[in-house]
Structures are given as structure tokens and as C-alpha cells.
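Some notes on the structure that comes next.
The values are calculated or read from the model by the stated rules, or taken from the named source; none is laboratory data. On a predicted model such as this, the values are computed, not experimentally measured, just so you know. In this analysis, Cβ positions are derived from the backbone assuming ideal geometry, glycine residues included, and neighbour counts consider all displayed protein chains. Note: areas computed on protein heavy atoms with side chains; ligands, DNA, RNA excluded. Shrake-Rupley method; radii C 1.70, N 1.55, O 1.52, S 1.80 Å.
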Amino acid sequence: MAQRMRRSTSWMFAQELLDKPRAVGAVWPSSQALARRMAAQVPVDGHGWVVELGGGTGAITEAILARGVSVERLLVIERSGAFVRHLRRRFPAVRVLQGDAAKLAQLLPAGACVDAIVSSLPLRSLPALEAGEILAQWVRVCTTGGVVIQFTYDLPGLRRHQPPGFAPCASSIVWNNLPPARVLTFSRSEARAGR
């Protein structure tokens, strides 16, 4: 059953990649190793939202839940209708919204407090204006001390991925991912916090 599901999600992922190559953030579904490394950076004991951007086939969603984040705190935002339908079937208790990360503040409940943003978005391959709009949303919604966790295939580039108003706090490479990926974690700095 698990092997059939992996084949099914791999096929769906490949189809989405062929149909919308610029919208899919990875070249292959995230490995369990990458998903666990990203989830390990998510604060479990907060009271605010944990927002996953680009849920894809759900590898990272599964790891976030396995880490102990409650379904009530998790919000997954995905642009692809096919991925949204898949995620809703796979995680019926998780709130999954179809939407654009560049409009994140509009997708959140009024007065929402965000403790963590877990992003699989292809920021490097997006047009600069769109990537800038997404980063501005992170600054707008993330609480002081909140974290942004982003993976990239750009292994040496740390500074290129730092959102304004955030300070780097962790960086590691997951070699057993296809291709290898760097997981970057940034903390919302107090000096620039505010909405």
C-alpha cells in the first residue's frame, strides 16, 4: 500500500512538474530525510500557526505532524489544485487552502499569529517581483522570534536567501535528497518586528 502511494504521488508530482515547471519548487518529491530536517526546526510548543507553503505531495506535512505539531496549528497553502485535492485526501484533519503565498496575510484568519513558516517555494526561480512579495508577507505575518524554514538546491548560498528582518540561526545540507538540498532557518529579529 505504501509503495503504491509513493508511486502514485511520484506520478502526480511528475505530471505537475511537466504541466507547470516554474510553479513546482522541487525536481522530485522531498525525501523523508529532507522533510524530517525541516520539521525538526519547527517549534512544537507555540500557540501560533505553523504555515507550510507549497505542500506538494505532503512529505513535509507528514514530518511536521510526526514532530508533534497539532493539526489545529497547521495550515498548508498550495497553489496547485491537483496537490490541494491530494493533500486534503491524505490529511483530512489538516486545513489545506489553495492560494498564492504572495497573498499570505489575506489567507490567514483575522489576527492570526504565525510562529513558523515552512517553505518549499522555488524562490530562486520565481520572478524577482513575485519572490519579493512573498518575502514581504513573511515579514508582515511572522511574530517576533518566529522562524522561517526554507530549503534550496543552492548549496553555498546562505545570504542570498535571507529574508529582510530575519537573522540566520541554522543551516545544514541534506545529502540524501534528490538533489541534495540546504535547509536554512531564520528567526524574526526583534528590532524590526511589527506589523
Whole-angstrom gap from the range 119-142 to the range 54-117, using each part's C-alpha centre | 16 Å
What list of ³J(HN,Hα) couplings, whole Hz, do you get for the range 43-56 from phi and the Karplus terms 6.51, -1.76, 1.60, once you set θ to phi - 60° and write x for glycine and proline?
-> x, 8, 9, x, 10, x, 6, 10, 10, 9, 9, x, x, x
Specify, per residue and in Å³, the volume enclosed by the convex hull of the alpha carbon atoms belonging to the range 32-94.
-> 71 Å³
Taking a probe of 1.4 Å, how large is the accessible area per residue of the range 96-187, in Å²?
-> 43 Å²
Which GluC sites (Glu not before Pro) from the range 70-154 combine a DSSP loop assignment with at most 14 other Cβ atoms within 10 Å?
-> E72
Which ³J(HN,Hα) values, rounded to whole Hz and listed in residue order, are derived for the range 165-180 from phi using the Karplus coefficients 6.51, -1.76 and 1.60 in 6.51 cos²θ - 1.76 cosθ + 1.60 with θ = phi - 60°, glycine and proline given as x?
-> x, 10, 10, x, 10, 7, 7, 8, 9, 9, 6, 8, 10, 10, x, x
With the cut-off at 15 Å, report for the range 88-185 the share of all Cα pairs above it, as a whole percent.
-> 65 percent
